[in-house]
């Protein structure tokens, strides 16, 4: 029984040493999850003449740095209105390609507003279309 505990102990110590040596490689793959994100809820998009009448969208903005998150938090109402305005002319909102186009529009509008690329990605968490 003692030998089993010794083997387990050696295995744990070797695992820790290997992790410490290759820590950068292990943690590099998780860095995107550590980027600042801001949640924007209740974006209402109303249109006329398209296949849908309105949409209710909740999303996360993945930002380039923590300072950007503070800027977006301060401008939350303005940002919500800008996103809504940017998506008014979106036509194909039900397909994956249409949603990707909407994400690009949001990134383009917000990065243009701030004058630099602060929005790295957009994630829809709720997307309800009303016909």
*Could you rank the peptides 98-110, 1-13, 65-77 by their average count of other C-beta atoms within 10 Å per residue, with the highest value first?*
98-110, 65-77, 1-13
_Once you place label points 7 Å from the Cα toward the Cβ at residue 116 and residue 129, how far apart are they in nm?_
3.7 nm
*Relative to the longest principal axis of the chain, what angle (0 to 90°, nearest 10) does the C-alpha long axis of helix 76-86 take?*
60 degrees
*the chain: angle of helix 2-21 to the longest principal axis, Cα-based, in degrees nearest 10*: 50 degrees
*On a 0 to 90 degree scale, rounded to 10, what angle separates helix 96-114 from the longest Cα axis of the chain?*
90 degrees
*Among 83-91, 56-64, the order from most to least packed when residues are scored by Cβ within 10 Å on average*: 56-64, 83-91
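Read-outs: derived from the displayed coordinates by stated rules, not from any lab. These numbers were taken from a predicted model, which means no experiment stands behind them. Positions of Cβ are generated from backbone atoms using ideal geometry, with glycine treated the same way; all protein chains shown enter the neighbour counts.
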